[in-house]
Amino acid sequence: MSERRSYSVKMVVNGRNINEVVIDPHYEAKHSDIDDALILELVKYLDGREFLPEEYDREWEYFMLDRIEHQGNLYRLVWCMRDHCLFIGVINCFRR
(Lines give C-alpha, C1' and ligand atoms only; values in the text may rest on other atoms or scores of the structure.)
Protein backbone atom coordinates (compact mmCIF):
# COMPACT_ATOMS: atom_id res chain seq x y z
CA MET A 1 0.00 0.00 0.00
CA SER A 2 1.16 3.49 -0.75
CA GLU A 3 1.03 6.59 1.43
CA ARG A 4 -1.85 9.01 1.74
CA ARG A 5 -2.40 11.21 -1.29
CA SER A 6 -3.55 14.82 -1.27
CA TYR A 7 -5.62 16.70 -3.88
CA SER A 8 -6.62 20.36 -4.07
CA VAL A 9 -10.35 21.11 -4.20
CA LYS A 10 -12.69 24.04 -3.67
CA MET A 11 -15.90 23.07 -1.91
CA VAL A 12 -18.02 23.69 1.17
CA VAL A 13 -19.02 20.84 3.50
CA ASN A 14 -20.86 21.40 6.79
CA GLY A 15 -20.40 25.12 6.27
CA ARG A 16 -16.60 24.79 6.11
CA ASN A 17 -14.50 25.84 3.15
CA ILE A 18 -12.57 22.75 2.10
CA ASN A 19 -9.43 23.12 0.00
CA GLU A 20 -7.92 19.64 0.22
CA VAL A 21 -8.95 15.98 0.06
CA VAL A 22 -6.55 13.48 1.62
CA ILE A 23 -7.13 9.88 0.52
CA ASP A 24 -5.93 7.01 2.67
CA PRO A 25 -4.82 4.00 0.55
CA HIS A 26 -6.77 1.63 2.85
CA TYR A 27 -9.39 0.99 0.15
CA GLU A 28 -6.79 -0.46 -2.25
CA ALA A 29 -6.40 -3.67 -0.24
CA LYS A 30 -9.91 -4.98 -0.96
CA HIS A 31 -11.40 -2.70 -3.60
CA SER A 32 -9.27 -2.80 -6.74
CA ASP A 33 -12.23 -1.51 -8.78
CA ILE A 34 -11.91 1.88 -6.98
CA ASP A 35 -9.27 4.52 -7.69
CA ASP A 36 -8.53 8.07 -6.54
CA ALA A 37 -10.26 9.60 -9.57
CA LEU A 38 -13.52 7.86 -8.67
CA ILE A 39 -13.20 8.87 -5.02
CA LEU A 40 -12.72 12.50 -6.04
CA GLU A 41 -15.88 12.26 -8.17
CA LEU A 42 -17.81 10.86 -5.20
CA VAL A 43 -16.46 13.56 -2.88
CA LYS A 44 -18.12 16.14 -5.15
CA TYR A 45 -21.48 14.85 -3.87
CA LEU A 46 -20.57 16.32 -0.47
CA ASP A 47 -20.21 19.89 -1.78
CA GLY A 48 -22.73 22.35 -0.40
CA ARG A 49 -24.30 19.83 1.97
CA GLU A 50 -24.53 19.29 5.73
CA PHE A 51 -23.89 15.93 7.41
CA LEU A 52 -24.18 14.69 10.96
CA PRO A 53 -21.16 12.74 12.16
CA GLU A 54 -21.51 9.03 12.86
CA GLU A 55 -18.80 9.28 15.54
CA TYR A 56 -16.71 11.81 17.43
CA ASP A 57 -13.19 11.26 18.69
CA ARG A 58 -11.83 14.38 20.37
CA GLU A 59 -11.37 16.91 17.58
CA TRP A 60 -12.23 14.42 14.80
CA GLU A 61 -15.66 13.80 13.28
CA TYR A 62 -16.34 10.63 11.26
CA PHE A 63 -18.96 10.46 8.53
CA MET A 64 -20.47 7.89 6.21
CA LEU A 65 -22.57 8.49 3.12
CA ASP A 66 -24.15 5.36 1.72
CA ARG A 67 -25.74 4.61 -1.60
CA ILE A 68 -24.10 7.38 -3.63
CA GLU A 69 -25.22 6.75 -7.20
CA HIS A 70 -22.51 7.34 -9.79
CA GLN A 71 -22.65 6.06 -13.37
CA GLY A 72 -25.18 3.36 -12.54
CA ASN A 73 -23.35 2.02 -9.48
CA LEU A 74 -23.88 2.63 -5.76
CA TYR A 75 -20.99 3.46 -3.43
CA ARG A 76 -20.31 4.06 0.24
CA LEU A 77 -17.88 6.80 1.20
CA VAL A 78 -16.36 7.00 4.69
CA TRP A 79 -14.58 10.23 5.55
CA CYS A 80 -13.49 12.43 8.44
CA MET A 81 -13.07 16.09 9.25
CA ARG A 82 -10.99 17.67 11.99
CA ASP A 83 -11.97 20.76 13.98
CA HIS A 84 -10.82 24.00 12.36
CA CYS A 85 -9.07 22.19 9.48
CA LEU A 86 -9.78 22.78 5.80
CA PHE A 87 -9.54 19.21 4.52
CA ILE A 88 -11.59 16.06 4.21
CA GLY A 89 -9.86 12.76 4.91
CA VAL A 90 -11.25 9.83 2.93
CA ILE A 91 -10.90 6.69 5.01
CA ASN A 92 -12.60 4.15 2.77
CA CYS A 93 -14.74 3.79 -0.32
CA PHE A 94 -16.41 0.77 -1.84
CA ARG A 95 -19.16 -0.30 -4.20
CA ARG A 96 -22.43 -1.47 -2.69
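The values are calculated or read from the model by the stated rules, or taken from the named source; none is laboratory data. Here the structure is a predicted model, which means the values were calculated and not measured. Reconstructed Cβ throughout: ideal geometry from the backbone, glycine too, with neighbour counts over all protein chains shown. All accessible areas refer to the heavy atoms of the entire protein, side chains included, with ligands and DNA or RNA removed. Shrake-Rupley method; radii C 1.70, N 1.55, O 1.52, S 1.80 Å.
Run through every distinct alpha carbon pair of the range 1-69 and return the Kirkwood hydrodynamic radius in angstroms, one decimal place.
Answer for the range 1-69: a Kirkwood hydrodynamic radius of 13.4 Å.
Distance in nm between label sites at D35 and S8, each 7 Å beyond Cα in the beta-carbon direction?
2.2 nm
So what are the ³J(HN,Hα) numbers for the range 43-56, from phi and the Karplus equation (6.51, -1.76, 1.60; θ = phi - 60°), rounded to whole Hz, Gly and Pro as x?
Once rounded to whole Hz, the list reads 4, 4, 5, 7, 4, x, 10, 10, 9, 8, x, 7, 8, 10.
Dipole magnitude of the chain about its Cα centre, charges +1 at Lys/Arg Cβ and -1 at Asp/Glu Cβ only, in debye to the nearest 20?
Details: 13 positive and 18 negative charges, 36 e Å.
Result for the chain is approximately 180 debye, rounded to the nearest 20.
Specify which residue in the list F94, L38, H70 is farthest towards the positive end of the charge dipole of the chain, using unit charges on the beta carbon of Lys, Arg (+1) and Asp, Glu (-1), about the Cα centre.
It is H70, whose Cα lies furthest towards the positive end.
Long-range amide H contacts for V13: which residues qualify at under 5 Å (H placed 1.01 Å from N, peptide plane, sequence gap of 5 or more or a different chain)?
Here I18, G48 satisfy the definition.
Largest first, how would E69, E59 line up by accessible area (1.4 Å probe)? Before the final figure, lay out the partial values.
On the way: E69 95, E59 60 Å².
Result, largest first: E69, E59.
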